[in-house]
Amino acid sequence: MDGISSFLASTLSLATPTLLAALGILVSERSGVLNIGTEGMMLVGALGGVLGSYYTGSVWLGTLIGIVVTVAFAAVFGVFAVLVKADQTVVGTGMNILASGLTITVNRAVFGASMSPPIIDTFDKVAIPLLKDIPILGPSLFTQTIPGYLAFVMVIATSFFLFRTNTGLKVRSVGENPQACDTVGINVSKVRFLAVLYSGILAGLAGAFISMGQLSFFTEGMIAGGGFMAVAAVVFGNYTPLGVLGASLVFGLSNASSYRLQALSTGIPSEFPNMLP
């Protein structure tokens, strides 16, 4: 893989978790719930995936466990933000703080405070026959992990769901005019709670991809603002799936450029590349 293909592959890999998490936030936001707690959910998914893979020996079972744990965590957020109707920003911030402390505690309890994190299996890359042989673009676009492909498929699926299905219409209606929806018999709290759980599924997958796709271990605080970047991608993308895709690719490109500049030893202070995303 030449330099350009490698750079494109890095861009797509770095954009994948942002895209997955942002699509979940988009559905939640369209229902009227701003999921600020995505950062914490991704962190829980990352640790849950590693622990699941560590004990089962399967990266896919680990991913499933990570998603299940994250959905349970998202349900707690949903109870307070949707059912109790507490301030969503405050609840989300609290969930992020809880996730940070909880993952540190569990990680150290399982692996020890001074023990190096165990190296686990990662997602294998799957090359699409014929397409992978396209010069420059083939090795980067068509040699991805399954979650990498899934993220881009989810853009189409989310767009179809929101704008071409009755359930998607309910989600958007609940977000735009909950009083009118309640009048016609739509259970606003139920729709919003399910939207939060859906965002938890994608946040868990995004976190698991970071710990088992980009890396092969868990470290404390490894999401490093990825959840907030996903929120920014939703706003930057004008609350549409295609817009979220474009924003995620821009952030992925910025991250890839940051790492490339640091690796080239150009003499540019490291703080400058780090602030690009």
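For the list (1) buried (at least 24 other Cβ atoms within 10 Å of the Cβ); (2) more than 14 Å from the chain's Cα centre (by Cα), I need the number of the one condition that Asp87 fails.
(1)
For region 99-115, what are the residues that are surrounded by 14 or more Cβ atoms within 10 Å (Cβ to Cβ) and either under 22 Å from Leu194 (Cβ atoms) or free of Cβ contacts under 8 Å to residues at least 40 places away in the same chain (or both)?
Residues satisfying the conditions are Ala99, Phe111.
Answer yes or no as to whether Tyr149 is hydroxyl-bearing (Ser, Thr, Tyr) and at pLDDT 95 or above.
For Tyr149, the condition - hydroxyl-bearing (Ser, Thr, Tyr) and at pLDDT 95 or above - is not met.
In the set Pro118, Pro135, which member is exposed (fewer than 11 other Cβ atoms within 10 Å of the Cβ) and not in a helix (DSSP H, G or I)?
Only one candidate qualifies: Pro135.
Just for region 170-210: of the residues that are free of Cβ contacts under 8 Å to residues at least 60 places away in the same chain and among the small types (Gly, Ala, Ser), which one is nearest to Ala15 (Cα to Cα)?
Only one residue fits best here, namely Ser173.
One line per residue, one yes/no per condition, for (1) within 27 Å of Ala232 (Cα to Cα); (2) small (Gly, Ala, Ser); (3) not in a helix (DSSP H, G or I):
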site	(1), (2), (3)
Leu12	yes, no, no
Leu20	yes, no, no
Glu29	yes, no, no
Val33	yes, no, yes
Val44	yes, no, no
Thr70	yes, no, no
Thr89	yes, no, no
Met95	yes, no, no
Val110	no, no, no
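Give the number of residues within region 46-68 that are among the small types (Gly, Ala, Ser), in contact (Cβ under 8 Å) with a residue 60 or more places away in the chain and assigned to a helix (DSSP H, G or I).
The number of residues fulfilling the criteria is 6.
Could you list, in sequence order, all residues of region 150-170 that are surrounded by 17 or more Cβ atoms within 10 Å (Cβ to Cβ) and more than 27 Å from Ala208 (Cα to Cα)?
Lys170
Filter region 23-41 for residues that are closer than 23 Å to Ala180 by Cα and among the hydroxyl-bearing types (Ser, Thr, Tyr); which is surrounded by the fewest Cβ atoms within 10 Å (Cβ to Cβ)?
Ser31
Please count how many residues of region 1-58 are farther than 19 Å from Thr145 by Cβ and hydrophobic (A, V, I, L, M, F, W, C).
12
Looking at (1) in contact (Cβ under 8 Å) with a residue 60 or more places away in the chain; (2) loosely packed, with under 13 Cβ neighbours inside 10 Å; (3) not in a loop (DSSP other than H, G, I, E, B), which is the one condition that is false for Gly213?
(2)
Can you pull out every residue in region 42-75 that is β-branched (Val, Ile, Thr) and either buried (at least 24 other Cβ atoms within 10 Å of the Cβ) or within 18 Å of the chain's Cα centre (by Cα) (or both)?
Passing the criteria: Val44, Val50, Val59, Thr63, Ile65, Ile67, Val68, Val69, Thr70, Val71.
Please find, within region 148-190, the residue that is nearest to Gly24 (Cα to Cα) out of those that are hydroxyl-bearing (Ser, Thr, Tyr) and outside any loop (DSSP other than H, G, I, E, B).
Among those residues, the one meeting the criterion is Thr158.
The values are calculated or read from the model by the stated rules, or taken from the named source; none is laboratory data. All values reported here derive from a predicted model rather than from experimental measurement. Cβ atoms come from the backbone with ideal geometry, glycine included; neighbour counts cover every protein chain shown.
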